[in-house]
1. Please quote Rg/Rh for the stretch 1-80 to two decimal places, taking the Kirkwood radius as Rh and restricting both calculations to Cα atoms.
2. Mind checking the angle between helix 113-126 and the chain's longest principal axis? C-alpha axes, 0 to 90 degrees, to the nearest 10.
3. Would you please put 238-245, 126-133 in order of how densely packed they are, using the mean number of other Cβ atoms within 10 angstrom per residue and starting with the highest?
4. For the chain, what does the helix formula give at 222 nm: sum of -39500 (n - 2.57) over DSSP H segments with n ≥ 4, over the residue count, nearest 500 deg cm²/dmol?
5. Expressed as an acute angle from 0 to 90° and rounded to the nearest 10, what is the orientation of the C-alpha long axis of helix 30-42 relative to the principal long axis of the chain?
6. If you take the Cα atoms of the stretch 54-106, find Rg, then find the Kirkwood Rh from the mean of 1/r over all pairs, what is Rg/Rh?
7. Which pairs break 28 Å Cα to Cα here: 114/211; 65/102; 102/227; 56/105; 142/214; 130/250?
8. Rank-order 246-255, 66-75, 203-212 by packing density, defined as the average count of other C-beta atoms within 10 Å over each peptide's residues, highest first.
Amino acid sequence: MKMKVHVYSLEGKPVEEIELPAIFDEQFRPDIIRRAVMAAQTARLQPWGADWMAGKRTSAETWGKGHGVARVRRVKGSRYPAAGHGAFAPFTVGGRRAHPPKVEKVLRERINRKERRLAVRSTVAATKEKKLISSRGHIVEKVAELPLVITDELEGIGRASQTKEIFQKLGLWQDVERVARSKRVRAGRGKMRGRRYRQAVGPLIVVGEDKGIKLGARNLPGVEVVKVRTLNAEQLAPGGVAGRLTVWTKGAIQKLAGGLFA
């Protein structure tokens, strides 16, 4: 028997009831989800490596025998500090690296198409499990029903103030406030490399068509908007952990019922 859920208006009141498509009954596969997310993350990595001549462009020569020092290539000249210092060999101060990074290294985790689609189906099914959603840290006490399905009017909301009011009526605003409080400076060197801040992940809005909702939601902390046709496992399971708080429009649910990700 298929599960039925209410479709809520922008006022937060149920207006009709629909059947959920079979994708919401998919088996939960955290192992496949993690693989799919890692495949998406590693696909963005760029191969990199050291110059193969790094540390070798030197005229340093060994002094040979009879000097009471190791027969290591040494920098020529008479000026301190360079003169007499070791070069070329990996164990010297001015030498090459012993095992530098190489562009040939395989960085990408690959996944089969069927496994990737299975991962998406599994993450979609996880959006109806309150236990999984709560375990990710989302605040869902005031959310009337999971999965949360809204009328297609949501797709045309183009102002952040209107989106905030709708979220308050649907019981989602507490989770947005949680994300706003979570912003903090990243530990370690990453803060100097364009990744200064870390922030929790907020609600995901899945729409059939974008009629302005991206403009209306982009300034709300942690909130993302995605078309159902471009949905992937990383959006539904950030960091490889399923159970993201997700808002579906009725149009998105209907497109899922049409056989997407089958």
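1. Working: Rg = 33.8 Å, Rh = 20.9 Å.
Radius of gyration over Kirkwood radius for the stretch 1-80 works out to 1.62.
2. 50 degrees
3. On the way: 238-245: 20.5, 126-133: 18.8.
Descending packing order for the listed peptides: 238-245, 126-133.
4. Values: 8 runs with 70 residues, N = 262.
Using -39500 (n - 2.57) per qualifying helix, the result is -7500 deg cm²/dmol.
5. It is inclined by approximately 50 degrees.
6. Values: Rg = 13.3 Å, Rh = 12.2 Å.
Ratio of gyration radius to Kirkwood radius for the stretch 54-106: 1.10.
7. Working: 114/211 31 Å; 65/102 36 Å; 102/227 38 Å; 56/105 22 Å; 142/214 24 Å; 130/250 20 Å.
Over 28 Å Cα-Cα: 114/211; 65/102; 102/227.
8. Working: 246-255: 22.2, 66-75: 13.5, 203-212: 20.1.
The peptides rank, most packed first, as 246-255, 203-212, 66-75.
We did not get these values from a lab; they are worked out from the coordinates using the rules stated. The shown structure was predicted, so the numbers you read here are calculated from the model rather than taken from an experiment. Neighbour counts run over all protein chains shown; Cβ positions are idealised from the backbone, glycine included.
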